[in-house]
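Right, one structure below, let's go through it.
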Amino acid sequence: MAARGEFSSQTAFILAASGSAVGLGNIWGFPIQVASNGGGAFVFTYIVLTFLLAYPILMAELVLGRHSKADTVRSVVNISSPKVKPFAYVTGYWGIITASLILSFYAIVAGWMIGFGAGSVAELAGLTELKAWLTAFSLERNLLLCLVFYVLTMSIVANGVTAGIEKWSTRLMPILLLLIVSLIAFIATQPGAMEGWKVYLQPDFSRILDPDLVISALGQAFFSLSLGVGTMMVYGSYISKADNLPRLGATVAVVDIGIAVLAGLLVIPAMYVALHNGVTIFDDAGALIDSDRLIFTVLPALFETMGFAGIVISVLFFILMTIAAITSSISMLEVPVAYVSESWSFDRRRASMMVGAGIMMISFIIIFNFEALFGFVINLTTRYSEPLIGLLFCLFVGWVMHRNHLLEELKQGSPDLENGLFWKIWPSYVRFVCPLVMLGVFMHSFGLLSF
Ligand code: TRP
């Protein structure tokens with residue numbers, strides 16, 4: 001087996017892990033959730049939950065990964081006693097399957113992003129028919145663009161941790177930031193934008209404890225930090241033993257929140273500019289129309305009202321979305337690829353191509369049965385699988401991993417750990433608090449518990 005990859009610096013890890021975390025979940029999912037869940041109240045709850053629940057679980061994954069320096073299955077198996085090993089295998093495999101299924105729907109949506117971006121380029125070139133094809137929902141378009149997205153994802157992962165994942169994350173993340181900030185600045189100058197800023201920044205505090213809002217915010221925090229499938233565990237396994245894990249984890253959480261908040265400053269004001277320009281965004285009852293397709297209906301309609309500038313803005317916006325999607329999809333594909341190349345000793349290149357092609361077949365099955373499968377797979381993975389696996393990861397770190405090993409692992413890269421706040425709170429936190437809260441949320445999703 002070839003030597004394992006390792007991120008070449010702390011910054012490289014931060015960019016790669018933030019690249020994973022910052023994705024369609026931040027730029028598409030987050031603003032929609034904010035708009036349909038009481039504006040700033042959702043933002044507030046989401047930030048609190050990210051620190052209280054998502055960050056501790058992120059740390060659990062990073063510790064498990066770096067401790068074993070192995071793929072996700074072996075990371076949980078290695079710390080388990082013979083009796084616990086079967087559960088460890090189930091958890092590891094389940095994570096791999098969930099990561100693959102998340103990629104299978106994510107790549108379809110990412111394909112649409114490419115379509116809208118390329119569509120606006122086609123419009124600039126005067127190719128209106130091509131534009132119409134690229135932006136209209138059809139079997140052929142969905143298949144082709146999804147394939148394009150897989151080719152991009154597979155070719156990055158095939159090159160490995162440093163020459164693939166790290167290289168592309170460090171290139172693309174700064175571009176992403178630049179694009180988002182420029183777009184915010186442009187939208188802010190448009191009439192109507194201020195209304196959006198107000199809605200976004202003035203929380204309706206009466207909704208903060210609304211259970212549905214809390215559950216949605218938790219789901220969002222989980223998905224957004226790429227938790228509950230082993231993505232962060234496998235990235236953690238590529239962190240050097242000299243690096244300070246709690247600090248790296250906190251940085252990634254802050255970047256993830258920061259970009260989500262920025263995305264809100266872009267998309268919410270944009271919606272109100274659209275409203276100002278005559279695009280319908282609310283139905284008679286005052287609810288956001290077509291909330292899932294916001295990005296594909298309201299925003300393109302808005303760009304259309306802006307003439308030539310609108311086309312350019314549209315190209316930039318969908319490039320932003322595509323970049324966000326790629327730095328995330330590579331982290332999903334990395335989970336099964338690391339397993340196949342390490343545990344089965346496959347050459348990484350071959351593993352990336354084979355696994356990527358296999359998951360692409362699942363995407364195609366979803367595309368052919370879109371109505372029946374698309375929403376189903378999203379729900380199955382993000383509402384049920386991820387929180388449940390996140391819960392299991394907590395149990396492994398809190399109850400299975402030896403406390404001394406945990407301390408030794410964390411002390412590498414942060415020698416003063418024992419005296420700090422993190423070590424005082426976190427270990428019992430992942431042991432008791434996180435599992436109980438996750439269990440509560442999980443039972444609520446299954447309708448076994450109502451609050
Ligand atoms: N966090 C990414 C987003 O916000 C999506 C993502 C990447 C992900 N890897 C993951 C989600 C692993 C769940 C599990 O879009």
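The values are calculated or read from the model by the stated rules, or taken from the named source; none is laboratory data. A quick note: this is a predicted structure, and the numbers were derived from the prediction, not measured. All Cβ positions, glycine included, derive from the backbone under ideal geometry; neighbour counts span all protein chains shown. To get the accessible areas, we keep the full protein, side chains included, count just its heavy atoms, and leave off ligands, DNA and RNA. Shrake-Rupley method; radii C 1.70, N 1.55, O 1.52, S 1.80 Å.
Selection of first residues in the range 42-54 that are touching a residue at least 12 places away in the same chain (Cβ under 8 Å) and among the small types (Gly, Ala, Ser) and of second residues that are open to solvent by less than 10 Å² (accessible area, probe 1.4 Å) and not in a helix (DSSP H, G or I), restricted to Cβ pairs under 9 Å at least 6 apart or on distinct chains, gives the following pairs, ordered by first then second residue: Ala54/Leu225; Ala54/Leu227.
Of the residues in the range 284-316, how many are within 16 Å of the ligand (Cβ to nearest atom) and either polar (S, T, N, Q) or open to solvent by less than 30 Å² (accessible area, probe 1.4 Å) (or both)?
In the first step, residues of the range 284-316 are kept if they are within 16 Å of the ligand (Cβ to nearest atom); the result is 292, 294-295.
Filter once more, keeping what is either polar (S, T, N, Q) or open to solvent by less than 30 Å² (accessible area, probe 1.4 Å) (or both): 294-295.
Adding up the residues that qualify gives 2.
Scanning the range 375-412 for residues that are open to solvent by 60 Å² or more (accessible area, probe 1.4 Å) and more than 25 Å from the chain's Cα centre (by Cα) turns up Trp399, His402, Arg403, Asn404, His405, Glu408, Lys411, Gln412. The residue of the range 156-176 that is nearest to Tyr238 (Cα to Cα), among those that are more than 20 Å from the chain's Cα centre (by Cα) and open to solvent by 10 Å² or more (accessible area, probe 1.4 Å), is Thr162. Of all positions in the range 385-405, at least one carries a residue that is among the polar types (S, T, N, Q) and within 15 Å of the ligand (Cβ to nearest atom). For the range 69-76, the criterion of being within 16 Å of the ligand (Cβ to nearest atom), open to solvent by less than 20 Å² (accessible area, probe 1.4 Å), within 18 Å of Tyr339 (Cβ to Cβ) and not in a helix (DSSP H, G or I) is met by at least one residue.
Identify the residue in the range 90-107 that is open to solvent by 20 Å² or more (accessible area, probe 1.4 Å) and farther than 20 Å from Ile366 by Cα and, among all such residues, is farthest from the ligand (Cβ to nearest atom). Ranking the qualifying residues of the range 90-107, first place goes to Val90.
In the condition set (1) open to solvent by less than 20 Å² (accessible area, probe 1.4 Å); (2) part of a helix (DSSP H, G or I); (3) not aromatic (Phe, Trp, Tyr), Val214 is compliant with all but (1).
Given the structure, is Ser169 more than 16 Å from the ligand (Cβ to nearest atom), polar (S, T, N, Q) and assigned to a helix (DSSP H, G or I)? So Ser169 does not fit the description; no. From the list Thr189, Thr251, the lone residue that is over 21 Å from Trp28 (Cβ atoms) and buried (at least 17 other Cβ atoms within 10 Å of the Cβ) is Thr251. Against the conditions (1) within 16 Å of the ligand (Cβ to nearest atom); (2) assigned to a helix (DSSP H, G or I); (3) open to solvent by less than 50 Å² (accessible area, probe 1.4 Å), where does Tyr238 fall short? Just the number, please. Failed condition: (2).
Against the test of being of a type outside the set (Ser, Thr, Tyr) and within 19 Å of Leu24 (Cα to Cα), the options Met360, Met354 yield a single qualifying residue, Met360.
Condition check ((1) at negative phi; (2) crowded, with 20+ Cβ neighbours inside 10 Å) across all residues:
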{"residue": "Asn78", "(1), (2)": "yes, no"}
{"residue": "Pro82", "(1), (2)": "yes, no"}
{"residue": "Ala110", "(1), (2)": "yes, yes"}
{"residue": "Gly126", "(1), (2)": "no, no"}
{"residue": "Leu130", "(1), (2)": "yes, no"}
{"residue": "Leu143", "(1), (2)": "yes, no"}
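Note on the range 338-374: residues that are surrounded by fewer than 15 Cβ atoms within 10 Å (Cβ to Cβ) and not aliphatic (A, V, I, L, M) total 9.
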